[in-house]
Amino acid sequence: MTHRERFIKTLKREKIGGQVPTFELVFFLTMEAFGKVHPSHRQYSQWNQMSQNERNLHMNEIADIYIDTAKRYDHSAIFVHPNPGDLENTQWLLETIREKTGDEYYIMMHGDPTWSIPDGDSMFEFSSRMYEEPEALNEESERRLDHALEFAQKLNARGHLHDGFTLCSDYCFNTNPFFSPEKFDELIVPYLKRVIDGYREMGYYTIKHTDGNIMPIAKQMASCGPDAFHSLDPQGGVSIPELRKLIGDDITLVGNVNCGLLQTGTDEECRADVMRSLREGMERGYGYIFSTSNCAYTGLPLERYEMMIDLWRQYGNYDLAK
């Protein structure tokens, strides 16, 4: 099977045998790994002034960075961050990666119109609006939902160039969700379910991402029908066995390696946490994708990420675990 086939079968909770799929939501360590700036960190203020040849060079290098990352670390999936992110350039990047790799990799991109935790500058205002004018927030949600589905439809009309969307609005702090269960039902659930249903009608899979403690709202998230949850944050108290007890086996689980330990823990602590994640994730023999509990972010030591991958290569195999 190709990486893409293994990834899709895992999203469908089918047994695959062999190596557990892995990927990263973002691998920001491209400067250390390849000597190249990550695509989402590049500034293209003069994009419209570039010659077509200059644009071609940039787009090909962006595609190569994603592909080289997947090849080096045996990722089964590529999460793209189109930059620039308009329709034309998004299509161009997806086409370029497909031309270079065929159907080897599952390709995904962001596409979440739901509200996330507001930044510090707007948190008080947003919190007030949740209780004083929820109808206005839901009107904005309708517009955001329409825009997301319209963008997906336009991409889809040009060819099925990618496989799915990862919905990256964060809902939770490490201690608890930002939204109360009641406000989550009112402001998030209807739009999360509709965007997932809309993408599924177009033939796309969905992975719902949020860091932090999702346990109080996990059932509500699961009711919206995503194919997978990411990132299962242990710093937020998320345990794979406890989450499976709560939501059942109908949703694939992705992640759970403690990013905090990878950055600041000892080698022994990191190894123990990677092995715990593999053991708990692989327990049922299906429905698990290995990754960090966030992403390979700037400041995370590359050698720690590579240690994690080495352990996965050695122990992340369903056949060997029997």
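The values are calculated or read from the model by the stated rules, or taken from the named source; none is laboratory data. All values derive from a computational prediction rather than experimental measurement. Ideal geometry is used to build each Cβ from the backbone, glycine not excepted, and the neighbour counts take in all protein chains shown. Heads up: the accessible areas ignore ligands, DNA and RNA and are worked out on the full protein's heavy atoms, side chains in. Shrake-Rupley method; radii C 1.70, N 1.55, O 1.52, S 1.80 Å.
Key figures
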item	result
Any hit, the stretch 244-253, residues being outside any loop (DSSP other than H, G, I, E, B), closer than 30 Å to Glu32 by Cα and open to solvent by less than 60 Å² (accessible area, probe 1.4 Å)	yes
Scan of the stretch 188-209 for residues that are assigned to a helix (DSSP H, G or I) and among the β-branched types (Val, Ile, Thr), ordered by number	Val189, Val195, Ile196
Meets criteria (assigned to a loop (DSSP other than H, G, I, E, B), in contact (Cβ under 8 Å) with a residue 40 or more places away in the chain and open to solvent by less than 40 Å² (accessible area, probe 1.4 Å)) for Gly212	yes
Condition check for Glu104: acidic (Asp, Glu), open to solvent by less than 30 Å² (accessible area, probe 1.4 Å), in contact (Cβ under 8 Å) with a residue 60 or more places away in the chain and assigned to a loop (DSSP other than H, G, I, E, B)	no
Among residues of the stretch 1-41, those that are among the aromatic types (Phe, Trp, Tyr), buried (at least 18 other Cβ atoms within 10 Å of the Cβ) and part of a helix (DSSP H, G or I), counted	1
Residue list for the stretch 262-271, restricted to those being surrounded by 13 or more Cβ atoms within 10 Å (Cβ to Cβ) and either closer than 17 Å to Ala321 by Cβ or in contact (Cβ under 8 Å) with a residue 12 or more places away in the chain (or both)	Leu262, Gln263, Cys270, Arg271
Single residue of Val238, Val195 found to be touching a residue at least 60 places away in the same chain (Cβ under 8 Å), open to solvent by less than 50 Å² (accessible area, probe 1.4 Å) and closer than 30 Å to Tyr131 by Cα	Val195
Unmet requirement for Asp170, which otherwise passes all of (1) under 30 Å from Asn317 (Cβ atoms); (2) among the charged types (D, E, K, R); (3) surrounded by 14 or more Cβ atoms within 10 Å (Cβ to Cβ)	(1)
Yes/no for Leu187 being aliphatic (A, V, I, L, M) and open to solvent by less than 20 Å² (accessible area, probe 1.4 Å)	yes
Odd one out for Ile65 among (1) open to solvent by 10 Å² or more (accessible area, probe 1.4 Å); (2) in a helix (DSSP H, G or I); (3) closer than 28 Å to Glu306 by Cβ	(1)
Residue match in the stretch 68-80 (condition: farther than 24 Å from Ser169 by Cα, open to solvent by 30 Å² or more (accessible area, probe 1.4 Å) and aromatic (Phe, Trp, Tyr))	no
Failed item, numbered, when Tyr44 is tested on (1) touching a residue at least 12 places away in the same chain (Cβ under 8 Å); (2) open to solvent by less than 70 Å² (accessible area, probe 1.4 Å); (3) out of contact with any Pro (no Cβ under 8 Å at 6 or more places or on another chain); (4) assigned to a loop (DSSP other than H, G, I, E, B)	(3)
Lone qualifier among Ala136, Ala148 - being open to solvent by less than 60 Å² (accessible area, probe 1.4 Å) and within 21 Å of the chain's Cα centre (by Cα)	Ala148
Complete set of residues in the stretch 271-322 that are charged (D, E, K, R) and either under 19 Å from Cys259 (Cα atoms) or part of a helix (DSSP H, G or I) (or both)	Arg271, Asp273, Arg276, Arg279, Glu280, Glu303, Arg304, Glu306, Asp310, Arg313, Asp319
Residues located in the stretch 146-174, provided they are closer than 18 Å to Glu186 by Cα and in contact with a Gly (Cβ under 8 Å, 6 or more places away or on another chain)	Asp170, Tyr171, Cys172
